[in-house]
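Just below is one structure, and these are the notes that go with it.
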Amino acid sequence: MKKIVFMAFVLVLLLPVLATGCLGTKNKGDIAIGVAWPFASNNSMFREGVELAAKEINQGGGIKGRNIKLVMKDDEASVAAGMAVAQSFAGERQVAAVIGHRNSFVSIPASRIYEEAGLVMLSPASTAPELTSKGYRFVFRSLPSDDEIAKKMAAFCSQQGHKRMVIYYSEDSYGMGLANSFEDQAKEAGLKVVDRISYYGDLKDLERLRNKWQALDYDGIFIAAAMPAGAEFIADGGRVGISVPYYAGNAMDSPQLYEIGGKAAEGTVVGTIFNPDENREEVRKFVEAFTKEYNEPPGAYAAQGYDAVKLLAAAIGQAGDADAAALAASLRELKNWPGVSGYHSFDQYGNDVGDLVVIKVLRDGELQL
């Protein structure tokens, strides 16, 4: 009987810890935030953006006197490695939240682990609508979904006078999700998708497709693929004489667009998530601080990493606690929060529904607003 009473007493003591799944108010040490990203293979200045945000917060006194401690793990852009990283973060009771992952095909299966562990996950890069379609309580994204990006791009294509378009997509969560979203939004915008492909064998095969598309009277191509595949398609298109305009999603917002695509990529229009030339104080200060710290201007993923850390810090400060339930509720209460990538607001499903989509065009080898 004494053993039963003792076990019951211990369980009562543990319940708050088990329920929260992360830091509580009694812990006065650092607030640990996990960061999952393919750092070695595809960093894209993301690490630098995350580290700059944490540095600024800590130099400014932290969150109610508590410093942020970043715990970074490489998910290798792999489902297996990503799941292992998610499991390791879920087992670390001192981690308050996780920023990640980059790829939707990693974020989607990892999100279930975070949800079941009661650990807030904030993805700064995964746009696939499926990520937030399950009604999870602790899963968020801090950028527009494919649906939002596709909506803006379809409307822009329509404004440019396009009527009949082709979709080229990659066979992964990002590519298929964005392709489906664009096809749906194209119909709403009065565009007809005359063909969609995810593969061509060689240049001769692509030339055959070009002839087919010409017969279908196509006038533009939307690319739902990431780097380097998207830019390689454009380069190959130039080699076989494709001359219609290209349009793409945020994963093509990269210097690689010109480095790989070359002259064929000139004029490509990208629906993306960060305008470094925006005339807001938050943006000006960020660009100045980042350039001073790293000797180069920030890109979109640097801005996303920076905003993700600052968003979590703001939500934890507002909640007065790093408890998962309080943190999730606090994130949903943030409305028009001014980040460097735009104004952030979260809906009940964890989607960022702020006005965040920026349209750029590649001119003289550089992406410009």
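Annotations for the structure displayed:
- Across the accessible surface of region 42-181, with the other protein chains kept in place and a 1.4 Å probe, carbon and sulfur atoms take up 46 percent.
- Across the accessible surface of region 271-369, with the other protein chains kept in place and a 1.4 Å probe, carbon and sulfur atoms take up 45 percent.
- With θ taken as phi - 60° and the Karplus curve 6.51 cos²θ - 1.76 cosθ + 1.60 applied, the whole-hertz 3J(HN,Hα) list for region 99-113 is 9, x, 9, 6, 8, 4, 5, 8, 4, 5, x, 5, 4, 5, 5 Hz, x standing for glycine and proline.
- Using alpha-carbon coordinates, inclination of helix 324-333 to the longest axis of the chain, degrees: 50
- Using 0.36 nm per residue and subtracting the Cα-Cα separation, the extra length available between S158 and K212 on full extension is 17.2 nm.
- Per residue, the accessible area of region 63-151 comes to 35 Å² when a 1.4 Å probe rolls over the protein heavy atoms.
- Taking every alpha-carbon pair under 8 Å whose residues sit at least 6 apart, the chain reaches a relative contact order of 19 percent.
- Gain in span if fully extended, K69 to Q318, counting 0.36 nm per residue against the direct Cα distance: 87.8 nm
- Amide H to amide H, with H built 1.01 Å from N, F274 comes under 5 Å of V358, counting only residues 5 or more places away or on other chains.
- For K204, the lysines whose Cα comes closer than 27 Å to its Cα, not counting residues fewer than 8 places off in the same chain, are K163, K192, K212, K263.
- Efficiency of FRET from Cβ geometry, K134 and K187, R₀ 25 Å, rounded to 0.05: 0.45
- Scanning the chain for trypsin sites (Lys or Arg not before Pro) in DSSP loops with at most 10 neighbouring Cβ atoms within 10 Å leaves 29-369 as the longest stretch between them.
- The chain, helix-only ellipticity at 222 nm - DSSP H runs n ≥ 4, -39,500 (n - 2.57), divided by all residues, nearest 500: -14500 deg cm²/dmol
- 14 Å beta-carbon shell around E148, net charge (K/R +1, D/E -1): -4
- Of all the options D323, D202, D355, the one that moves most in a Gaussian network model of the chain with Cα springs shorter than 10 angstrom is D202.
- Linear extension gain, R112 paired with N58, 0.36 nm per residue minus alpha-carbon span: 16.3 nm
- Within straight-line cross-link reach of K285, lysines at Cα separation under 24 Å, skipping those fewer than 8 residues along the same chain: K55, K64, K69, K310, K335, K360
- Net charge in the neighbourhood of R284 (other residues with Cβ under 11 Å of its Cβ; Lys, Arg +1, Asp, Glu -1) is -3.
- Of all the options A97, A224, A80, the one that moves most in a Gaussian network model of the chain with Cα springs shorter than 10 angstrom is A80.
- For region 135-225, the square roots a ≥ b ≥ c of the C-alpha gyration tensor eigenvalues yield an a/c of 1.5 or more together with a/b not exceeding b/c, which makes the shape oblate.
- When region 73-151 is described by a simple charge dipole with +1 on each Lys and Arg Cβ and -1 on each Asp and Glu Cβ, the residue from F140, A86, A150 located farthest towards its positive end is F140.
- Tilt relative to the chain, helix 146-159 - C-alpha long axis, 0 to 90 degrees, to 10: 30
- Sum of side-chain charges, S173 neighbourhood, beta-carbon under 15 Å (Lys, Arg +1; Asp, Glu -1): -2
- Entry note: region 82-185 has Rg to Rh equal to 1.09, where both radii use alpha-carbon atoms and Rh is the Kirkwood radius.
- Whether region 49-113 is rounded, prolate or oblate, judged on the alpha carbon gyration tensor where a/c under 1.5 counts as rounded: prolate
- For the chain, the longest principal axis of the Cα atoms and the long axis of helix 203-215 meet at an angle of about 70 degrees.
- Scalar couplings 3J(HN,Hα) for region 60-67, obtained by applying the Karplus form with A = 6.51, B = -1.76, C = 1.60 to θ = phi - 60°, are x, x, x, 9, 6, x, 10, 6 Hz; x denotes Gly and Pro.
The values are calculated or read from the model by the stated rules, or taken from the named source; none is laboratory data. As the structure is a computational prediction, the values presented were derived from the model and not from experiment. As a convention, Cβ positions derive from the backbone with ideal geometry for all residues, glycine included, and neighbour counts pool all protein chains shown. The accessibility values were calculated without ligands, DNA or RNA, using every heavy atom of the protein model including side chains. Shrake-Rupley method; radii C 1.70, N 1.55, O 1.52, S 1.80 Å.
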